[in-house]
Amino acid sequence: MKMHFGATTEKGWSEMILERFFPDIFVKSIYELPLEELKARGIKGLVFDIDNTVAPFDIAEPENDLIELFLFLRKQGFRLCILSNNNKARVRLFNKNLRTLAVHKAGKPGVRKLKQAMKKLKLAPENTAIVGDQVFTDMWCGHRAGLTCILTAPICNRDQLITKIKRGAEKLVLKEYFKREGK
């Protein structure tokens, strides 16, 4: 296909646009993160979305399993952060027992606050992965910032209204992703 300014590509525009939303890695749950693969890729930091990635959006505080997972990940040498588009009160309460770097009102898929978090973690994009359940916020944000992007299946079917609206289009993107991945 001929592109503007004389450049050529084997992929069409629609394929290139879709790939912005594709994960580098898909896992059903944060408890299935491929830690050895991440270490082999040079990943030293994990940036987690909250709502429907690590907990349902309507659960105020993390369950013990999540607190234990974060402790385990730290013992494995990972630096951790939660990055949420949610408000300060929600993120602060959720982070109370996780005791990790936490960023609220992240503005995903914007990258400004993600870059601030990486600076606080003292990590470069190539050493950081973002973990989230949405392709239009988490995956796109991660790709825009140059991170490894890990998509999880949503924890539950309950979503905030705006997220429910996006899930239909997200299903189409994921259908194409899984088709290409042979899954």
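The values are calculated or read from the model by the stated rules, or taken from the named source; none is laboratory data. Because the structure is a prediction, the values reported are computed rather than measured. Calculation scope for accessible area: heavy atoms of the full protein, side chains included, ligands and nucleic acids excluded. Shrake-Rupley method; radii C 1.70, N 1.55, O 1.52, S 1.80 Å.
Working note: Debye formula, equal point scatterers on the alpha-carbon atoms of region 44-107, no solvent; log10 I(q)/I(0) at q = 0.14, 0.15, 0.19, 0.27 Å⁻¹ is -0.34, -0.39, -0.64, -1.27.
Do the alpha carbons of any pairs in Lys120/Lys179; Lys44/Lys113; Lys96/Lys179 sit beyond 29 Å of each other, and which pairs? Listed pairs above 29 Å: Lys120/Lys179; Lys96/Lys179.
The coefficient of translational diffusion for region 27-183, derived via Stokes-Einstein from the alpha carbon Kirkwood radius under 10 °C and 1.306 mPa s, stands at 101 µm²/s.
Under 20 °C and 1.002 mPa s, how fast does region 60-149 diffuse according to Stokes-Einstein, given a Kirkwood radius computed over C-alpha pairs? Answer in µm²/s, whole number. It comes out at roughly 160 µm²/s. Only protein atoms count toward the accessible area here, which uses a 1.4 Å probe; on region 95-162, the carbon and sulfur part of that area reaches 52 percent.
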